[in-house]
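Enquirer: The structure that follows is given in the form of structure tokens.
Computed from the coordinates by the stated procedures, all read-outs in this text should not be read as laboratory data. No experiment lies behind these values; they were computed from the predicted model shown. Virtual Cβ from ideal backbone geometry, glycine too; neighbours counted across all protein chains shown.
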Amino acid sequence: MVPPGQQVVCQLELNIEPSMLAEVRQTVRDIANRHGAVDDQPDALVLAVDEAFQNIIRHAYRDVVPGRVDFSAWIDDHDLWIRIRDYAAPVDLAKIRPRPLDDVRPGGLGTHLIRTVMDEVAYGHADDGRGNVLTMRKRLG
Amino acid sequence: MASLSHRLEESGDGVVLIFDGEIDMSNSKDVRGVILGALEKTASLSVDLSGVSYMDSSGIANLIEGFQRARSAKKSFKVSDVSDSVRMVLKIARLEAILLA
């Protein structure tokens with residue numbers, strides 16, 4: 001999961017469901033605070049990871065949870081990288097896109113929130129063909 | 001599970017719905033029920049989120065639904081106060097002007 005040579009700050013194997021999101025947020029906030037996040041950066045990272053987990057629960061596991069998720073975080077220079085992998089059926093990557101914000105209606109905001117608060121976001125499929133991988137980067141400090 | 005409580009207060013011609021805690025996917029269905037239930041009891045609902053330390057897109061969806069339900073019933077719906085964290089999310093979603101009083 002983590003590229004070789006990187007400073008790993010967290011690796012977790014989780015069986016994720018909505019009731020766990022508060023605990024996940026606290027974990028991310030602790031990581032952010034320990035590694036130089038300032039101002040609203042902890043809030044931004046917490047939001048991005050929460051929305052990513054929500055999307056996995058809703059769209060990858062289609063609300064049939066708990067579902068396995070691997071969470072990794074590592075530091076490269078002043079960049080905090082987060083990688084989240086699920087084991088659901090591969091999703092159509094072309095369908096992962098934010099809806100137009102002018103269309104004010106409930107739902108569909110998660111991807112927009114993630115892309116706005118993170119500096120780099122990439123969706124892909126797991127190399128072994130089982131599941132989906134989201135990799136995100138945020139510059140800290 | 002996210003911790004959340006709420007209470008209703010009369011205010012002039014309307015009602016203020018005050019939440020305290022966190023709003024996320026684990027309790028957003030409850031939040032939806034509380035908002036829509038409160039909206040049935042008044043022509044003017046104000047939602048106070050100053051005590052909400054975290055709200056994600058599922059909470060935003062609840063607010064948008066409340067706003068739309070109120071508009072179709074010709075009622076007033078607004079968010080009266082927010083924490084910095086909630087303001088950040090509403091700003092990114094470009095909903096400050098629509099929802100915030």
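Enquirer: Please find, within segment A:50-60, the residue that is surrounded by the fewest Cβ atoms within 10 Å (Cβ to Cβ) out of those that are more than 10 Å from every other protein chain (Cβ to nearest Cβ) and in contact (Cβ under 8 Å) with a residue 40 or more places away in the chain.
Expert: A:A60
Enquirer: Further question: Quickly run through segment A:3-18 and pick out the residues that are more than 12 Å from A:S72 (Cβ to Cβ), of a type outside the set (G, A, S) and either surrounded by fewer than 17 Cβ atoms within 10 Å (Cβ to Cβ) or within 9 Å of chain B (Cβ to nearest Cβ) (or both).
Expert: A:P4, A:N15, A:E17, A:P18
Enquirer: Tell me the residue from B:L8, B:L90, B:L4, B:L63 that is crowded, with 16+ Cβ neighbours inside 10 Å, out of contact with any Asp or Glu (no Cβ under 8 Å at 6 or more places or on another chain) and of a type outside the set (F, W, Y), please.
Expert: Being crowded, with 16+ Cβ neighbours inside 10 Å, out of contact with any Asp or Glu (no Cβ under 8 Å at 6 or more places or on another chain) and of a type outside the set (F, W, Y) holds for just one of B:L8, B:L90, B:L4, B:L63, which is B:L63.
Enquirer: Under the condition of being away from chain B (no Cβ under 12 Å) and part of a helix (DSSP H, G or I), which residue from segment A:19-44 is surrounded by the most Cβ atoms within 10 Å (Cβ to Cβ)?
Expert: That would be A:A32.
Enquirer: Something else now. Working carefully through the options B:S85, B:S80, find the one that is free of Cβ contacts under 8 Å to residues at least 60 places away in the same chain and not hydrophobic (A, V, I, L, M, F, W, C).
Expert: It is B:S85.
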